[in-house]
1. Please compute the length gained on full extension between residue B:44 and residue B:86, using 0.36 nm multiplied by the number of residues separating them and subtracting their Cα-Cα distance.
2. Calculated FRET efficiency, residue A:65 and residue A:115, Cβ-Cβ r, R0 45 Å, to nearest 0.05?
3. Please compute the average number of Cβ atoms from other chains found within 10 Å of each residue's Cβ in peptide B:27-39.
4. Partner chain Cβ atoms within 10 Å, averaged over the residues of B:74-85 - can you pull that number for me?
5. Between Rg and the Kirkwood Rh of chain B, both from Cα atoms, what is the Rg to Rh ratio?
6. Using the count of nearby Cβ atoms within 10 Å as a rough guide to exposure, how do A:41, B:72, A:74, B:34 rank from fewest to most?
7. Under a crude label model (7 Å from the Cα following the beta-carbon direction), how far is residue A:6 from residue B:141 in nanometres?
8. Within a 10 angstrom radius of each residue's Cβ in A:117-125, how many Cβ atoms of other chains show up on average? Whole number is fine.
């Protein structure tokens, strides 16, 4: 538990390096919701192969790494399915309305001092904190 | 073709970073958002670690006309903090706090996320699919 922050920092540097690589090599902003969302709502079908390649790497490399990790890997996702469906819908609609999520607004936006990226991050952190307080401490359901 | 390979590499490194950092573990994400509970600071290191390389990348990008593969680099970010950005980010944050997954980790953990992970991802796709209709409605409001 005490060294979790080191893994957080190492993983964060990897995420940032991936975003830097994608910007300087492919010329694109590494935003997960934008890359995936453009495939879902067809607005990004003009660049489908590049997007699908990104998604393939994103899903495959962690799957291949998992057996080599010493610590057990688990999402610990709740088995409360109505909550999972509601959360998925909120994340899907919300990130597309806002044009970005944790990677696009949080990592890529804040690092270029984008007012929209910083504002979005403040709003989703506020709502995320509030959701945990309400559902964990008031209802005890998560 | 080369664009697709570099895209796969970026996606893979992103996924590896998400796994290593703890972003695919919903209990760590909710533990970070839970400022009134047993607060887990790990994700602050993830975000900080990710922003650092990206700040350098933006500084490099500012001196270049094109990406290494010859495509245009992203233009200046918008500055308008509009209704879609605020409402969308609040919705996204609420979903993120409720279950603990955002779009990148939801894709990265699909191979071990079980039924819950799959249901989340399908719900997120559904949300992304209907998001343009929400946007039109919000834009139509005075």
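1. Details: separation 42, 0.36 × 42 = 15.12 nm, distance 2.22 nm.
Contour length minus Cα-Cα distance gives 12.9 nm.
2. Details: r = 36 Å, r/R0 = 0.80.
The computed FRET efficiency comes out at 0.80.
3. Working: counts 6, 3, 5, 9, 2, 5, 11, 8, 4, 5, 4, 0, 0.
Shielding by partners across B:27-39 averages 5.
4. Values: counts 6, 0, 2, 10, 5, 4, 3, 7, 5, 1, 5, 11.
For peptide B:74-85, the averaged partner shielding equals 5.
5. Details: Rg = 17.8 Å, Rh = 17.9 Å.
Here the Rg-to-Rh quotient is 1.00.
6. Details: A:41 18, B:72 10, A:74 14, B:34 21.
Fewest to most other Cβ atoms nearby, the residues stand as B:72, A:74, A:41, B:34.
7. Computed distance between label sites residue A:6 and residue B:141 equals 4.9 nm.
8. Numbers: counts 3, 1, 7, 8, 3, 4, 10, 12, 8.
Average per residue, whole number: 6.
Values quoted throughout were computed directly from the atomic coordinates according to the rules given, and no laboratory measurement underlies them. Note that this is a predicted model, so its numbers are computed, not measured. Positions of Cβ are backbone-derived with ideal geometry, glycine not excepted, and every protein chain shown enters the neighbour counts.
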